[in-house]
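Inspection log for the structure reproduced underneath, given as structure tokens.
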Amino acid sequence: MPARPGSSAPWSGEDSATLAELSRSIQAGSTSSEAVTRRCLERIAERDRSINAFITVLDDDARGQALAAD
């Protein structure tokens with residue numbers, strides 16, 4: 001999957017990739033579970049204070065599971 005304009009990651013920019021697109025990128029080796037998880041956690045940290053969507057974010061667990069998946 002090609003990178004979004006202005007980014008080396010196939011799912012950054014507006015962060016609008018679908019889960020299917022992310023899955024294909026991971027399977028193709030153009031990104032990793034760890035990279036996708038890291039970006040998701042970054043977005044949560046950037047936005048959750050204003051939208052209050054999460055009660056608990058288990059960063060370490062998420063990262064560990066992503067690394068295990070890779």
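Near Arg63: Cβ cut-off under 15 Å, other residues only, Lys/Arg at +1 and Asp/Glu at -1. The net charge is -3. Each residue of region 34-42 was assigned a 3J(HN,Hα) from its phi angle through the Karplus curve 6.51 cos²θ - 1.76 cosθ + 1.60 (θ = phi - 60°); the sequence is 5, 5, 5, 5, 4, 5, 4, 5, 4 Hz, with glycine and proline shown as x. Scalar couplings 3J(HN,Hα) for region 59-70, obtained by applying the Karplus form with A = 6.51, B = -1.76, C = 1.60 to θ = phi - 60°, are 3, 4, 5, 4, 4, x, 5, 5, 4, 5, 5, 6 Hz; x denotes Gly and Pro.
Readers should treat all values here as calculations from the given coordinates under stated rules, not as data from a laboratory. Predicted, not measured: the structure shown is a model, and the values here were computed from it. Glycine also receives a Cβ, built like all others from the backbone with ideal geometry; neighbour counts cover every protein chain displayed.
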